[in-house]
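Written below as structure tokens is the structure these notes are about.
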Amino acid sequence: MKTEDTKKNLELNIREMEIDDIPHVFHLGEQIFTAQEAPTFYRTWDEYEVTSLFNSNNEYCLVAEHDGNIVGFALGTIVSKKRSAWKYGYLIWLGVSPDHQRLGIAANLFDKLAERMIEDGARIFMVETEAKKGAAFKFFKNKGFGKPEKHIYLTLNLKTYQQLQKKERNRSRKQKNGKNSA
Ligand SMILES: CC(C)(COP(=O)(O)OP(=O)(O)OC[C@H]1O[C@@H](n2cnc3c(N)ncnc32)[C@H](O)[C@@H]1OP(=O)(O)O)[C@@H](O)C(=O)NCCC(=O)NCCS
């Protein structure tokens, strides 16, 4: 970022992602969605996230280009639910290079994506973000999102799971043997 870049004079090109952008978007996402920064995201950032969304939802994969570099992206999809006439716009990944934040880049990406989704019939926009009130939470609040639904992340140690299963098997075997000997 040049020191003179400000929200007002930033030359930004928001456009559909192209095949040559895939590695750039992937590597930028690696910087943004580190396990430390986003440990509880339901999805994990990997190359398949980018390639599969690009294949299936090209029109909802947008990039922000500045000075010939990709500095941000928004990847989304439209979800239709069974027995509901409503379509939901789902913003899956939104990221801006740490050196280019607070310049309105995410806001521009979001506005363009929302515009496309509205054109395609979406009535509600959904996003997933960290519960702690960080940049993303503030960003979405600023865009008018509300009514956060709490998700609880449960974890299960699979060693414990195996031990529980073994106990359960032993218990039912004992019960069966008890019945047979009666
Ligand atoms: C969230 C994120 C995409 C915002 O990108 P950005 O380009 O810096 O956001 P913008 O400059 O468009 O911000 C627009 C408004 O959102 C709010 N906002 C954004 N970042 C903020 C921050 N760090 N602190 C407080 N408010 C913030 C402000 O209201 C801001 O307007 P202002 O600068 O005039 O005050 C960026 O911080 C990011 O990539 N975070 C990591 C990835 C992530 O959590 N993605 C979202 C879930 S997939």
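All of the numbers you see were taken from the coordinates with simple rules; none came from a lab. Just so it is clear, the model here is predicted, and its values are computed rather than measured. When we count neighbours, we look across all protein chains shown, and the Cβ atoms used for this are built from the backbone with ideal geometry, even at glycine.
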*With the contact rule set at Cα under 8 Å and sequence spacing of 6 or more, what percent relative contact order holds for the chain?*
19
*Quick one: what are the phi-derived ³J(HN,Hα) couplings along the range 123-129, Karplus 6.51/-1.76/1.60 with θ = phi - 60°, whole Hz, x for glycine and proline?*
10, 9, 10, 10, 9, 10, 8
*Taking the alpha-carbon centroid of each part, what is the distance from the range 135-163 to the range 62-77 in angstrom?*
25
*Which far-off residues, 5 or more places away or on another chain, put their amide H under 5 Å from the one on ILE14, with H placed in the peptide plane?*
GLU65
*Amide hydrogen neighbours beyond the local backbone of GLY72, cut-off 5 Å, H modeled*: ALA64, SER97
*Using the C-alpha atoms of the range 106-182, what convex hull volume per residue, in cubic angstrom, is computed?*
192
*asked:* Can you work out the Karplus-derived ³J(HN,Hα) for every residue in the range 8-24? Use 6.51 cos²θ - 1.76 cosθ + 1.60 with θ = phi - 60°, whole Hz, and x for glycine or proline.
replied: 6, 9, 5, 8, 10, 10, 9, 8, 5, 5, 10, 4, 5, 7, 3, x, 5
*asked:* Restricting to DSSP H runs of at least four residues, report the calculated mean residue ellipticity at 222 nm for the chain, -39500 (n - 2.57) per run over all residues, nearest 500 deg cm²/dmol.
replied: -12000 deg cm²/dmol
*Of the peptides 169-175, 154-160, 113-119, how do they stack up when ordered by the mean number of other Cβ atoms within 10 Å, highest first?*
113-119, 169-175, 154-160
*Among the lysines, which fall within straight-line cross-link reach of LYS150, defined as a Cα-Cα distance under 24 Å, with same-chain neighbours fewer than 8 residues apart omitted?*
LYS81, LYS82, LYS87, LYS132, LYS133, LYS138, LYS141
*Quote the Stokes-Einstein diffusion coefficient, in whole µm² s⁻¹, for the range 13-152, based on the Kirkwood radius over alpha carbon pairs, a temperature of 4 °C and a viscosity of 1.567 mPa s.*
84
*From the phi of every residue in the range 48-60, what ³J(HN,Hα) in whole Hz does the Karplus formula 6.51 cos²θ - 1.76 cosθ + 1.60 yield, where θ is phi - 60° and glycine or proline is x?*
5, 4, 6, 5, 6, 5, 5, 5, 8, 9, 3, 5, 10
*Bin by bin, in steps of 10 Å, what percent of the Cα pairs in the range 49-126 do you find, going until the bin that has the longest distance?*
19, 48, 26, 6, 1
*Any lysines with Cα under 21 Å of the LYS174 Cα? List them, leaving off those in the same chain fewer than 8 positions away.*
LYS166
